[in-house]
Each structure stands twice: as C-alpha cells, then as structure tokens.
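The values are calculated or read from the model by the stated rules, or taken from the named source; none is laboratory data. Here the structure is a predicted model, which means the values were calculated and not measured. Using ideal geometry, Cβ is built from the backbone for each residue, glycine included, and neighbour counts are taken over all protein chains shown.
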Amino acid sequence: MNTANNTHGPRIDTSEAVDAARRGILDYSLDKDPAVASAVKGGHPGTPLLVERLDRPGDAYYLVPWRTKEGVVFIVEVDAATGAMLASSTFPNPIPSPFLLPEDAAHCAAREFPQYTLGEPRLVWKPCRESTSSMRPFYQVPFDHGFLYVDMEGSTLLELTPLGLGGTH
C-alpha cells in the first residue's frame, strides 16, 4: 500500500486498485454473469480513475473499467484507502468509454465559460440531483471564483444540487 502522507491519508495505488478489482470479481462471484466472465477472460482492466468524495473529505475511490476489444463492459468501484470492492456496474452493450478525459472536461468548461481562467480538472463525486451514482462522477474545474463541474456527457454546471428530503422545499 502506498503510505505517502498527504491531505487524504494513505491510499492504494492504481496497480493495487486493479488487484482489488480482480479479487472483488472472484469474491463476489461477478464472473457468474456471462458478460463479466467473457470480459475477464478476453479483456483487461483499464486505467483506474481516482475519484474524491466531496461529501466525505479525505475519502476517495477508484473506478476500474474492464475493457474488451469491443469497449468497456463493466466497472468495479474500489475503496482507495482499504482496497475493498464497493460496487460494480455492467453495461448492456460494450461502450467506448463511460468517462470523459480531463482535457475534454477542461475544453467543455472553457467553451461554456470562456471568460474564466480555469485550473486542472479532478474527478469528484457526492450524492446530488445531477448524479445519485458514484459510478457517474464529475470533473471539478477550479476557476477564478470557485469551481465548475463537468459531467460525463460534457455538460458544465456552476454547482451540484443537494438531494432534498422529498416534498416541497
């Protein structure tokens, strides 16, 4: 485990995240799903993406996409501190990629808000109206007055809307 001190505490590295995803597939018998079994046999893990939790400062997780020659078949979510598998999600059909690249997120933000000086995007997530799934994070892009958020479809948002408790506000 990478035990380098940083503001977020010790984290596993990307190779450990891949190993954790492999273990999780076996531990939870995900390979009983024919699509997952085929992807594990004929595919490989893609580059794990580190996502920081905005609602729980210091917590983070990796999203490990599993690729075949047809595209991404499923994703495994791994806790960045413990290496525990948190969740998985399969796609009905392989897709090229469920995630934007950081440079694409920066381009979307710059196109929408050309008047701002933008910083480097980083992947973040918290439960909100725009995404209730940790598998659908956002790029947080710093700018002169705070942050912009870019979702995986390329839409740029000024803020993430907290989930309400239901009823009227």
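Observations, loosely collected:
- For region 101-114, the tally of residues that are touching an Asp or Glu at 6+ places or on another chain (Cβ under 9 Å) and not hydrophobic (A, V, I, L, M, F, W, C) stands at 1.
- Filter pass, P34 being of a type outside the set (A, V, I, L, M, F, W, C), surrounded by 16 or more Cβ atoms within 10 Å (Cβ to Cβ), without any contact (Cβ under 8 Å) to a residue 40 or more places away in the chain and assigned by TED's automatic domain parsing to the domain that holds V18: no
- Region 110-169 - residue that is free of Cβ contacts under 8 Å to residues at least 12 places away in the same chain and crowded, with 16+ Cβ neighbours inside 10 Å and, of those, farthest from L100 (Cα to Cα): F147
- Filtered residues of region 117-168 (kept if part of a strand (DSSP E or B), under 15 Å from H107 (Cβ atoms) and over 19 Å from the mean Cα position of the chain (by Cα)): L118, F143
- Just one of the listed residues (D55, D31) is part of a helix (DSSP H, G or I) and either more than 23 Å from R11 (Cα to Cα) or in contact with a Pro (Cβ under 7 Å, 6 or more places away or on another chain) (or both), and it is D31.
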